[in-house]
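The values are calculated or read from the model by the stated rules, or taken from the named source; none is laboratory data. Remember, predicted model here, so these are calculated numbers, not experimental data. Ideal geometry is used to build each Cβ from the backbone, glycine not excepted, and the neighbour counts take in all protein chains shown.
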């Protein structure tokens, strides 16, 4: 008789347990015993989260979440921290990808260190037709003066060299690159400056729009190489917990390529891109409107109004006090009248998203 009562109790208990489990919603995984930063309006920190189909569907204490949800995968973080993935609100994802295939000159403290890194890069990439690098900053050098072409000519006389400054607003080149681009001391360009030396010859430094005089001669990377570099750039972002980037200024072909790679699932990163203001982009988006997909959006134009301080292109109210020309105020990359007309067109076409770059 006692055994019969016990058996009945076990049966009822299991039935209640089964019903209880059936009432709980099954999710992909649950994280518990954590310090989870919600970044909600109250900036709450909670213990537990439930995740289903790559979405967080519940946050709260262990008791509250586990009462409502169940999973075959419950992870205890034992007090460790959980943060939302970071969003870089002004980045150059496509630029990062290109940079990964170039010589890294960031943090070089001298011209000698730049040369040494270029030598190593050249040795490792003997097939390159141009020697391309990025990241130099004359403010880190002892004399804080712009470098000259002679420093590059002495080591790389036979291959064109183009080195982009840390801010992207100036390039440092050698004589071979200047020769290929057919630039002389008389060459002029609106919104750009070609620095000359004491003899009135090109010094090797090109600022803002003048950089295009050199860059248009650099052999383009193949689409296969670009796609591989984009994947490497994504991996680097994910490594540093950056899962969304605002890519500030892209050509139409770059936009189309990113759109296709994200649409196909090859790239998982989320991108909010800004279209560079040029006739091709303006014509395309005037006809088709902005792109607004879950993981890829193009909802703004980027307009460069002036240059950057470090490369002496930022437009100032007072002249630069460290410039030999005491009446040099910087560079205006678009006139007031042109800017006004562009804004009117964007407004009329309902393309009101805008990011104007004032440094």
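Taking the options 72, 28, name whichever one is surrounded by fewer than 14 Cβ atoms within 10 Å (Cβ to Cβ) and either more than 26 Å from the chain's Cα centre (by Cα) or not assigned by TED's automatic domain parsing to the domain that holds residue 227 (or both).
72
Looking at the stretch 59-80, I want the residues that are under 15 Å from residue 29 (Cβ atoms) and have a partner that is at pLDDT 95 or above and assigned to a helix (DSSP H, G or I) with Cβ atoms under 9 Å, at least 6 apart or on another chain. Which pairs are those?
Matching pairs, first to second residue: 59/65; 74/66.
Going by the structure shown, is residue 214 in a helix (DSSP H, G or I), modelled with pLDDT of 95 or more and closer than 26 Å to residue 315 by Cα?
Criteria met by residue 214.
Any residue at all in the stretch 333-345 that is under 19 Å from the mean Cα position of the chain (by Cα), in contact (Cβ under 8 Å) with a residue 24 or more places away in the chain and in a loop (DSSP other than H, G, I, E, B)?
no
Return the residues of the stretch 245-268 that are crowded, with 18+ Cβ neighbours inside 10 Å and within 23 Å of residue 83 (Cβ to Cβ); say none if nothing qualifies.
245, 246, 247, 267 - these are the residues of the stretch 245-268 that are crowded, with 18+ Cβ neighbours inside 10 Å and within 23 Å of residue 83 (Cβ to Cβ).
So which residues in the stretch 142-159 are outside any loop (DSSP other than H, G, I, E, B) and within 21 Å of residue 126 (Cβ to Cβ)?
The answer is 152, 153.
If residue 84 satisfies every condition in (1) surrounded by fewer than 15 Cβ atoms within 10 Å (Cβ to Cβ); (2) without any contact (Cβ under 8 Å) to a residue 60 or more places away in the chain; (3) more than 19 Å from the chain's Cα centre (by Cα) but one, which is the exception?
The number of the failed condition is (3).
Could you list, in sequence order, all residues of the stretch 220-253 that are closer than 20 Å to residue 301 by Cα and either assigned to a loop (DSSP other than H, G, I, E, B) or under 13 Å from the mean Cα position of the chain (by Cα) (or both)?
Listed by number, the residues that qualify are 244, 245, 246, 247, 248, 249, 250, 251.
Going by the conditions given, is residue 114 surrounded by fewer than 18 Cβ atoms within 10 Å (Cβ to Cβ) and more than 21 Å from the chain's Cα centre (by Cα)?
no
Among the residues that make up the stretch 160-173, is at least one of them over 23 Å from the mean Cα position of the chain (by Cα), assigned by TED's automatic domain parsing to the domain that holds residue 106, in a loop (DSSP other than H, G, I, E, B) and under 18 Å from residue 110 (Cβ atoms)?
no
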